[in-house]
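Undergrad: Would you mind keeping the following structure in view while I ask a few things?
The values are calculated or read from the model by the stated rules, or taken from the named source; none is laboratory data. The shown structure was predicted, so the numbers you read here are calculated from the model rather than taken from an experiment. Because the Cβ atoms are built from the backbone with ideal geometry, glycine has one as well, and the counts that use them run over all protein chains shown.
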Amino acid sequence: MLTVWGRSSSFNLQKVMWLVGELGLEHRHIQAGGRHGGLDTPEFLAMNPHGKVPVIDDGGTVVWESHAILRYLAARYGQGRFWPDDPAGRSEADRWMDWAQTTLQPDFLMGVFWGFYRTPDHLRNWPAIKDKIARCAAHFRLLDRVLEGRSFLGGAVPTLADIPAGTCLYRYYELEIERPKVPNVEAWYRRLQERPAYRRYVMLPFGELRGRLDY
(Lines give C-alpha, C1' and ligand atoms only; values in the text may rest on other atoms or scores of the structure.)
Protein backbone atom coordinates (compact mmCIF):
# COMPACT_ATOMS: atom_id res chain seq x y z
CA MET A 1 0.00 0.00 0.00
CA LEU A 2 1.08 3.58 -0.66
CA THR A 3 2.10 5.37 2.55
CA VAL A 4 2.28 9.16 2.70
CA TRP A 5 3.91 11.20 5.48
CA GLY A 6 3.09 14.85 6.16
CA ARG A 7 0.77 17.11 8.14
CA SER A 8 -2.60 17.81 6.55
CA SER A 9 -2.09 21.59 6.69
CA SER A 10 1.17 21.37 4.73
CA PHE A 11 0.84 23.04 1.33
CA ASN A 12 3.25 20.58 -0.25
CA LEU A 13 1.45 17.58 1.23
CA GLN A 14 -1.86 18.92 -0.08
CA LYS A 15 -0.51 18.86 -3.62
CA VAL A 16 0.37 15.19 -3.25
CA MET A 17 -2.86 14.20 -1.52
CA TRP A 18 -4.92 15.99 -4.18
CA LEU A 19 -3.34 13.78 -6.86
CA VAL A 20 -3.66 10.68 -4.67
CA GLY A 21 -7.37 11.46 -4.46
CA GLU A 22 -7.71 12.12 -8.18
CA LEU A 23 -6.07 8.77 -8.95
CA GLY A 24 -8.20 6.96 -6.38
CA LEU A 25 -5.15 5.34 -4.80
CA GLU A 26 -5.54 3.22 -1.69
CA HIS A 27 -3.18 4.72 0.82
CA ARG A 28 -2.20 5.22 4.43
CA HIS A 29 -1.55 8.78 5.62
CA ILE A 30 0.75 9.30 8.59
CA GLN A 31 0.64 12.76 10.14
CA ALA A 32 4.22 14.04 10.44
CA GLY A 33 5.87 17.41 10.83
CA GLY A 34 4.73 20.52 12.68
CA ARG A 35 3.06 19.66 15.98
CA HIS A 36 3.12 15.98 15.00
CA GLY A 37 6.93 15.86 14.92
CA GLY A 38 8.71 12.72 13.82
CA LEU A 39 10.94 14.26 11.17
CA ASP A 40 14.19 13.88 13.10
CA THR A 41 13.92 10.19 13.87
CA PRO A 42 16.50 7.81 12.38
CA GLU A 43 13.69 5.98 10.58
CA PHE A 44 12.37 9.11 8.88
CA LEU A 45 15.83 10.46 8.05
CA ALA A 46 16.64 7.15 6.40
CA MET A 47 13.80 7.89 3.97
CA ASN A 48 14.50 11.60 3.52
CA PRO A 49 17.87 12.87 4.77
CA HIS A 50 16.54 16.44 4.57
CA GLY A 51 13.99 15.72 7.29
CA LYS A 52 11.07 17.28 5.44
CA VAL A 53 7.64 16.22 4.24
CA PRO A 54 6.01 15.01 2.10
CA VAL A 55 7.54 11.59 1.66
CA ILE A 56 5.93 8.51 0.13
CA ASP A 57 6.76 4.83 0.28
CA ASP A 58 5.11 2.96 -2.57
CA GLY A 59 5.84 -0.71 -1.98
CA GLY A 60 9.48 0.00 -1.18
CA THR A 61 9.98 2.90 -3.59
CA VAL A 62 10.62 5.98 -1.45
CA VAL A 63 10.20 9.41 -3.04
CA TRP A 64 10.55 12.86 -1.48
CA GLU A 65 10.03 16.41 -2.81
CA SER A 66 6.43 17.15 -3.70
CA HIS A 67 6.87 17.68 -7.44
CA ALA A 68 9.00 14.54 -7.79
CA ILE A 69 6.22 12.67 -5.99
CA LEU A 70 3.59 14.13 -8.32
CA ARG A 71 5.52 13.05 -11.40
CA TYR A 72 6.15 9.60 -9.98
CA LEU A 73 2.51 8.96 -9.09
CA ALA A 74 1.22 10.31 -12.39
CA ALA A 75 3.71 8.24 -14.38
CA ARG A 76 3.06 5.07 -12.41
CA TYR A 77 -0.70 5.26 -11.96
CA GLY A 78 -2.08 8.02 -14.17
CA GLN A 79 -1.95 6.19 -17.53
CA GLY A 80 -1.21 9.48 -19.27
CA ARG A 81 -4.09 11.36 -17.60
CA PHE A 82 -2.18 13.90 -15.53
CA TRP A 83 1.31 13.73 -17.05
CA PRO A 84 0.89 13.07 -20.76
CA ASP A 85 2.97 10.37 -22.43
CA ASP A 86 3.64 12.74 -25.32
CA PRO A 87 6.84 14.71 -24.58
CA ALA A 88 5.32 17.98 -25.80
CA GLY A 89 2.26 17.67 -23.59
CA ARG A 90 4.40 16.54 -20.69
CA SER A 91 6.65 19.56 -21.10
CA GLU A 92 3.69 21.93 -20.73
CA ALA A 93 2.79 20.36 -17.40
CA ASP A 94 6.44 20.53 -16.37
CA ARG A 95 6.72 24.19 -17.31
CA TRP A 96 3.75 25.21 -15.17
CA MET A 97 4.94 23.07 -12.27
CA ASP A 98 8.37 24.69 -12.40
CA TRP A 99 6.89 28.18 -12.78
CA ALA A 100 4.68 27.65 -9.76
CA GLN A 101 7.62 26.42 -7.69
CA THR A 102 10.12 29.09 -8.71
CA THR A 103 7.89 32.14 -9.22
CA LEU A 104 4.39 31.90 -7.73
CA GLN A 105 5.13 29.97 -4.55
CA PRO A 106 8.04 32.14 -3.36
CA ASP A 107 5.95 35.29 -3.76
CA PHE A 108 2.69 33.91 -2.39
CA LEU A 109 3.64 31.24 0.14
CA MET A 110 6.79 32.83 1.52
CA GLY A 111 6.06 36.48 0.82
CA VAL A 112 2.31 36.74 1.48
CA PHE A 113 1.21 33.66 3.40
CA TRP A 114 4.26 33.60 5.67
CA GLY A 115 4.86 37.33 5.71
CA PHE A 116 1.22 38.23 6.41
CA TYR A 117 -0.67 35.25 7.82
CA ARG A 118 1.98 33.26 9.63
CA THR A 119 3.85 36.24 11.04
CA PRO A 120 2.55 37.80 14.28
CA ASP A 121 1.06 41.27 13.75
CA HIS A 122 3.86 43.14 15.52
CA LEU A 123 6.54 41.46 13.39
CA ARG A 124 4.99 42.02 9.97
CA ASN A 125 7.09 43.85 7.38
CA TRP A 126 4.30 45.71 5.60
CA PRO A 127 6.35 47.20 2.72
CA ALA A 128 7.60 43.70 1.86
CA ILE A 129 4.13 42.19 2.22
CA LYS A 130 2.56 44.81 -0.05
CA ASP A 131 5.29 44.24 -2.63
CA LYS A 132 4.60 40.49 -2.62
CA ILE A 133 0.82 41.04 -2.84
CA ALA A 134 1.43 43.19 -5.94
CA ARG A 135 3.70 40.53 -7.42
CA CYS A 136 1.03 37.89 -6.83
CA ALA A 137 -1.56 40.09 -8.52
CA ALA A 138 0.70 40.22 -11.58
CA HIS A 139 1.10 36.43 -11.53
CA PHE A 140 -2.65 35.87 -11.41
CA ARG A 141 -3.23 38.38 -14.20
CA LEU A 142 -0.78 36.34 -16.27
CA LEU A 143 -2.70 33.16 -15.45
CA ASP A 144 -5.92 34.95 -16.35
CA ARG A 145 -4.58 35.61 -19.85
CA VAL A 146 -3.36 32.03 -20.23
CA LEU A 147 -6.72 30.63 -19.13
CA GLU A 148 -8.64 32.59 -21.75
CA GLY A 149 -10.52 29.91 -23.67
CA ARG A 150 -9.14 27.10 -21.51
CA SER A 151 -10.78 25.13 -18.74
CA PHE A 152 -7.46 24.20 -17.14
CA LEU A 153 -3.85 25.32 -17.45
CA GLY A 154 -3.01 22.37 -19.69
CA GLY A 155 -6.15 22.68 -21.81
CA ALA A 156 -9.50 20.92 -21.62
CA VAL A 157 -8.67 18.49 -18.81
CA PRO A 158 -6.72 18.82 -15.56
CA THR A 159 -3.05 17.81 -15.55
CA LEU A 160 -0.11 18.24 -13.21
CA ALA A 161 0.07 21.79 -14.57
CA ASP A 162 -2.92 22.68 -12.39
CA ILE A 163 -1.83 21.17 -9.10
CA PRO A 164 0.93 23.44 -7.73
CA ALA A 165 -0.69 26.74 -8.79
CA GLY A 166 -4.20 25.43 -8.12
CA THR A 167 -3.31 24.47 -4.57
CA CYS A 168 -2.41 28.13 -3.92
CA LEU A 169 -5.89 29.32 -4.85
CA TYR A 170 -7.71 28.23 -1.71
CA ARG A 171 -5.37 30.13 0.62
CA TYR A 172 -5.10 33.07 -1.75
CA TYR A 173 -8.86 33.58 -1.82
CA GLU A 174 -9.27 32.99 1.93
CA LEU A 175 -6.79 35.67 3.02
CA GLU A 176 -7.95 39.21 3.77
CA ILE A 177 -5.79 40.86 1.13
CA GLU A 178 -6.39 42.88 -2.01
CA ARG A 179 -6.80 40.80 -5.15
CA PRO A 180 -7.20 41.73 -8.81
CA LYS A 181 -10.30 40.94 -10.82
CA VAL A 182 -9.29 37.86 -12.81
CA PRO A 183 -12.46 36.20 -14.13
CA ASN A 184 -10.72 33.35 -15.92
CA VAL A 185 -8.76 32.43 -12.80
CA GLU A 186 -11.95 32.64 -10.74
CA ALA A 187 -13.73 30.31 -13.19
CA TRP A 188 -10.78 27.91 -13.03
CA TYR A 189 -10.96 27.99 -9.23
CA ARG A 190 -14.67 27.17 -9.34
CA ARG A 191 -13.95 24.19 -11.61
CA LEU A 192 -11.31 22.95 -9.19
CA GLN A 193 -13.74 23.27 -6.29
CA GLU A 194 -16.10 20.92 -8.11
CA ARG A 195 -13.50 18.14 -7.84
CA PRO A 196 -14.01 15.98 -4.73
CA ALA A 197 -10.27 15.42 -4.20
CA TYR A 198 -9.62 19.18 -4.23
CA ARG A 199 -12.33 19.81 -1.66
CA ARG A 200 -11.14 16.96 0.54
CA TYR A 201 -7.42 17.60 0.57
CA VAL A 202 -6.86 21.26 -0.35
CA MET A 203 -9.82 23.16 1.05
CA LEU A 204 -8.86 22.56 4.67
CA PRO A 205 -8.90 25.08 7.54
CA PHE A 206 -5.46 26.50 8.20
CA GLY A 207 -6.17 28.57 11.31
CA GLU A 208 -3.59 26.57 13.27
CA LEU A 209 -0.92 28.35 11.22
CA ARG A 210 -1.95 31.94 12.02
CA GLY A 211 0.87 33.86 13.67
CA ARG A 212 3.13 30.77 13.78
CA LEU A 213 6.63 31.11 12.42
CA ASP A 214 7.61 27.53 13.21
CA TYR A 215 6.72 24.52 11.09
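Undergrad: Could you list, in sequence order, the residues of the range 28-87 that are within 14 Å of Asn12 (Cα to Cα) and among the polar types (S, T, N, Q)?
TA: Gln31, Ser66
Undergrad: For Met110, are the conditions met, namely being touching a residue at least 60 places away in the same chain (Cβ under 8 Å) and either at positive phi or part of a helix (DSSP H, G or I) (or both)?
TA: no
Undergrad: Considering the range 193-213 alone, what residues qualify as being modelled with pLDDT of 95 or more and either closer than 18 Å to Arg141 by Cα or charged (D, E, K, R) (or both)?
TA: Glu194, Arg195, Arg199, Arg200, listed by residue number.
Undergrad: Further question on the same structure: Does the range 170-191 include one or more residues that are touching a strand residue (DSSP E or B) at 6+ places or on another chain (Cβ under 9 Å), part of a helix (DSSP H, G or I) and without any contact (Cβ under 8 Å) to a residue 60 or more places away in the chain? Talk me through it step by step, then tell me what you get.
TA: Filtering the range 170-191 down to residues touching a strand residue (DSSP E or B) at 6+ places or on another chain (Cβ under 9 Å) leaves 188, 191.
Those still in the list that are part of a helix (DSSP H, G or I) too: 188, 191.
Then drop every residue that is not without any contact (Cβ under 8 Å) to a residue 60 or more places away in the chain, which leaves 188, 191.
Taking every residue of the range 170-191 in turn, at least one turns out to be touching a strand residue (DSSP E or B) at 6+ places or on another chain (Cβ under 9 Å), part of a helix (DSSP H, G or I) and without any contact (Cβ under 8 Å) to a residue 60 or more places away in the chain.
Undergrad: Also: Restricting to the range 138-161, count the residues that are of a type in the set (A, V, I, L, M), buried (at least 16 other Cβ atoms within 10 Å of the Cβ) and more than 13 Å from Trp188 (Cβ to Cβ).
TA: Residues meeting the conditions: 1.
Undergrad: Oh, and also: List, please: which pairs have Cβ atoms under 6 Å, are six or more places apart or on different chains, and start with a residue in the range 33-53 that is more than 18 Å from Arg212 (Cα to Cα) and end with one that is exposed (fewer than 12 other Cβ atoms within 10 Å of the Cβ)?
TA: Within 6 Å, the pairs are Gly51/Asp40.
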